[in-house]
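Trainee: Take this structure, written in structure tokens, and hold onto it; I'll ask about it next.
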Amino acid sequence: MAKPRHVPERRCVACGQRAPKRDLVRIVRTPQGTVHADSTGKSSGRGAYLCRSTDCWDKGVRRGSLERNLQVTISPRDREVLLDYFRQWVASAALVEG
């Protein structure tokens, strides 16, 4: 009998809920200090995860959960890039689900 495959889990930095790694979005602080969404999950740098909830993205990006976890001050430009990524990601997910 085959062993069940291990599914890595991560915790959303905004709500604290644990979920499979693939269901969350990794946000990474690069060694250069920039912050961006990591769609592959393999970029080098310190990472933090957010779930699909709009509330979590609001809390994470606008209210500072990401900044605390990534130990960096997110620039206004990087903040807008993250929010644009989320809007596009949610729109594409809605098209796939709907």
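We did not get these values from a lab; they are worked out from the coordinates using the rules stated. As the structure is a prediction and not an experimental result, all values here were calculated from the model. Here Cβ is always computed from backbone atoms with ideal geometry, including for glycine, and neighbour counts include all displayed protein chains.
Trainee: Would you mind checking the radius of gyration and Dmax of the chain based on alpha-carbon positions, in Å?
Mentor: Rg, Dmax (Cα atoms, Å): 14.1, 53.
Trainee: On a 0 to 90 degree scale, rounded to 10, what angle separates helix 76-97 from the longest Cα axis of the chain?
Mentor: Value to nearest ten degrees: 30.
Trainee: Please enumerate, by chain and number, the aspartates and glutamates with C-alpha under 15 Å from the C-alpha of LYS3, excluding those fewer than 8 residues away in the same chain.
Mentor: none
Trainee: Taking the Cβ-Cβ separation of HIS6 and ASP84 as r and a Förster radius of 35 Å, what is the calculated FRET efficiency to the nearest 0.05?
Mentor: So, using R0 = 35 Å, E works out to roughly 0.55.
Trainee: Taking square-rooted eigenvalues a ≥ b ≥ c of the alpha carbon gyration tensor, is segment 1-56 rounded, prolate or oblate, where a/c under 1.5 means rounded and, failing that, a/b exceeding b/c means prolate?
Mentor: Since a/c reaches 1.5 but b/c is at least a/b, the shape of segment 1-56 is classed as oblate.
Trainee: At 0.36 nm per residue, minus the direct Cα-Cα distance, what do GLN32 and THR54 gain on full extension? Give it in nm, one decimal, please.
Mentor: Stretched fully, the GLN32-THR54 segment lengthens by 5.1 nm.
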